[in-house]
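See structure below.
Since every read-out is calculated from the coordinates, none of them should be taken as a lab result. Everything numeric in this text was worked out from a predicted model, so none of it was measured. Counting neighbours? That spans all protein chains shown, and the Cβs are built from the backbone with ideal geometry, glycine included.
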Amino acid sequence: MKYQKKLIKLIRLSLTNSTAKVKIGNQFTNEFRIVSGVKQGDPLSATLFSIVIHNVLKQLHLKGNISPRIKQCSGYANDILLTTRMMHALKDTFQKLKEISIQVGLTTNERKMKYLRCTNKQHKMDGIDITQTHLEQVKSFKYLGSIVNGNNSIEKEIKG
């Protein structure tokens, strides 16, 4: 416990009153204060983010294989993939993820959020709205370097 308090104090000190410069070409901008978030490229930033996002995802109580479950969550770095069997499960899980994220100071980039419906049946391409957030429906997307699509085909992935 004593070490945890000391570590938290050291981290807080390293993030308080931080300044930065940006290099553009061969010149640096004027120095500016970093007033929110963590420093880009700082190894501590990635570690702190990993700790926070791990705890956020843990609160969703989603792990294991989707086969016996209604919902599942996968995450790597700042990419999160929610997999659900039913629309209401997607809406509930997304809402809970958003609420927990806000509590710990994380925000979502709504322009990057997508919704993929997996089915072999013909369906209308519609986005969905979940508590003031619109998710665009897509036919496929790239996740961790792999193409994921709605008809479970790996043809495009193999053709590359």
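Take each of the peptides 108-121, 48-61, average the number of other beta-carbon atoms within 10 Å over its residues, and list them starting from the highest.
Going from most to least packed, we get 48-61, 108-121.
Taking a 18 Å limit on the Cα-Cα distance, which of the listed pairs LYS112/LYS139; LYS58/LYS114; LYS5/LYS58; LYS98/LYS139 fall beyond it?
On the way: LYS112/LYS139 15 Å; LYS58/LYS114 22 Å; LYS5/LYS58 23 Å; LYS98/LYS139 24 Å.
The answer is LYS58/LYS114; LYS5/LYS58; LYS98/LYS139.
With θ taken as phi - 60° and the coefficients 6.51, -1.76 and 1.60, list the Karplus ³J(HN,Hα) couplings across the stretch 93-104 in order, rounded to whole Hz; mark glycine and proline as x.
5, 4, 4, 5, 4, 5, 5, 5, 4, 4, 4, 9
Whose amide H sits under 5 Å from the amide H of ARG117, counting only residues 5 or more places off or on another chain, with H placed in the peptide plane?
Distant-sequence amide H within range of ARG117: VAL138.
Please compute the modelled spin-label separation between LYS9 and ASN78, points set 7 Å along Cα→Cβ, answer in nm with one decimal.
For ASN78 paired with LYS9, the spin-label model returns 3.1 nm.
Cα atoms only: what Rg and Dmax, in Å, come out for the stretch 83-132?
Rg and Dmax of the stretch 83-132, Cα atoms, are 12.6, 40 Å.
Kindly write out, for the stretch 139-151 in residue order, the coupling ³J(HN,Hα) from the Karplus curve 6.51 cos²θ - 1.76 cosθ + 1.60 (θ = phi - 60°), rounded to whole Hz, with x marking Gly and Pro.
Rounded to whole hertz, the list is 8, 7, 7, 9, 10, 6, x, 10, 7, 10, 10, x, 10.
What is the list of residues in the stretch 96-112 whose amide nitrogen lies under 16 Å from a point 7 angstrom out from the Cα of GLU136, following Cα to Cβ?
Answer for this model: 109-112.
Which FRET efficiency, nearest 0.05, do SER18 and GLN59 yield, Cβ-Cβ r, R0 25 Å?
Working: r = 29 Å, r/R0 = 1.15.
Efficiency, rounded to the nearest 0.05: 0.30.
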